[in-house]
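J.: Would you mind keeping the following structure in view while I ask a few things?
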Amino acid sequence: MNEASSTRVRRRGFLKLVTAVPVAGALAALASPLLRLLKPNVPKFDLLRPTAPDTARGEAIVAASLSELRNPWDFKYFVFTQRYPQYTPQGFKTASVPGVAVRLPYKIRLPLDWAQAIGKEPPVRESDIIVFSRICPHLGCIYNYVPNYREVTAGYGGYVPPPQRQHALMACPCHLSIYDPADRDVPGRVLSGPAPRPPRTFLFEIRNAEIVVTDVEPGGIA
Ligand code: FES
């Protein structure tokens, strides 16, 4: 091969290479989403679990002192402030969650299984104190703690509780959902009305004879 023909061969090789690079790039660009689809490199999204970065966080506050909830059915209202990650100038949005701490006449297993999903371990698992969010799981009204069940019958749609539930109840003025805070199997059980589930609960611990709430069950209204 003379000098001229070997130059031609080299040039052809070079041109092939120059053409092959963008073609290979374009093929890789097309194949990438397909490979990503077949083998995702992000964890599967679980609709039922809150994701840690999106979970609202609150500052621990004292909901009540033990002396304020000395007797069965004593209660205390409080307001818990949560910060939600948001694209606001401050980087977060705050929301107030009204709550109620209740002294029950007996100990129950607290419905705190949700805590593990946000990386927390409930410090109190069984207690005669329970702390509920007051946001009604139906459409988000603020329900009331009603110490006298007769007031529930008179003022919340005529619901008459059976003898074993004739004690303090929780009742929503909007569409008359009634809850039993002391149900042994499902604390906050829906007794009447359209609510789809019991109110959400708070994590709490006892510090220096005070009930300190540290987190609230995540999720939407219902
Ligand atoms: S918002 Fe409470 S019952 Fe509808």
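The values are calculated or read from the model by the stated rules, or taken from the named source; none is laboratory data. Quick caveat, the model's predicted, so the values are computed rather than measured. Positions of Cβ are generated from backbone atoms using ideal geometry, with glycine treated the same way; all protein chains shown enter the neighbour counts. All accessible areas refer to the heavy atoms of the entire protein, side chains included, with ligands and DNA or RNA removed. Shrake-Rupley method; radii C 1.70, N 1.55, O 1.52, S 1.80 Å.
J.: Assess whether residue 148 counts as being without any contact (Cβ under 8 Å) to a residue 40 or more places away in the chain, over 22 Å from residue 204 (Cβ atoms) and either surrounded by fewer than 14 Cβ atoms within 10 Å (Cβ to Cβ) or within 16 Å of the ligand (Cβ to nearest atom) (or both).
T.: In short, yes.
J.: Looking only at the range 94-105, decide whether some residue is farther than 16 Å from residue 216 by Cβ, without any contact (Cβ under 8 Å) to a residue 60 or more places away in the chain and assigned to a strand (DSSP E or B).
T.: yes
J.: While we're on this one: If you scan the range 91-125, which residues turn out to be at pLDDT below 95 and β-branched (Val, Ile, Thr)?
T.: Hits for the range 91-125 are 94, 97, 118, 124.
J.: Tell me, please, whether a residue that is at pLDDT below 75, under 20 Å from residue 202 (Cα atoms), outside any helix (DSSP H, G or I) and not polar (S, T, N, Q) can be found in the range 55-68.
T.: yes
J.: Then there is this: Any idea which of 130, 178, 118, 142 is touching a Lys or Arg at 6+ places or on another chain (Cβ under 6 Å) and at negative phi?
T.: Result: 142 is the single residue among 130, 178, 118, 142 that is touching a Lys or Arg at 6+ places or on another chain (Cβ under 6 Å) and at negative phi.
J.: Residue by residue through the range 202-211, note down the ones that are surrounded by fewer than 17 Cβ atoms within 10 Å (Cβ to Cβ) and hydrophobic (A, V, I, L, M, F, W, C).
T.: Across the range 202-211, the qualifying residues are 206, 209.
J.: Among 115, 209, 154, which is under 18 Å from the mean Cα position of the chain (by Cα) and not β-branched (Val, Ile, Thr)?
T.: 115 is the lone residue from the list that is under 18 Å from the mean Cα position of the chain (by Cα) and not β-branched (Val, Ile, Thr).
J.: Return yes or no: is residue 115 open to solvent by less than 60 Å² (accessible area, probe 1.4 Å) and in contact with an Asp or Glu (Cβ under 7 Å, 6 or more places away or on another chain)?
T.: yes
J.: If you don't mind, another one. Out of the range 160-182, which residues are within 16 Å of the ligand (Cβ to nearest atom) and open to solvent by 40 Å² or more (accessible area, probe 1.4 Å)?
T.: 173, 174, 175, 176, listed by residue number.
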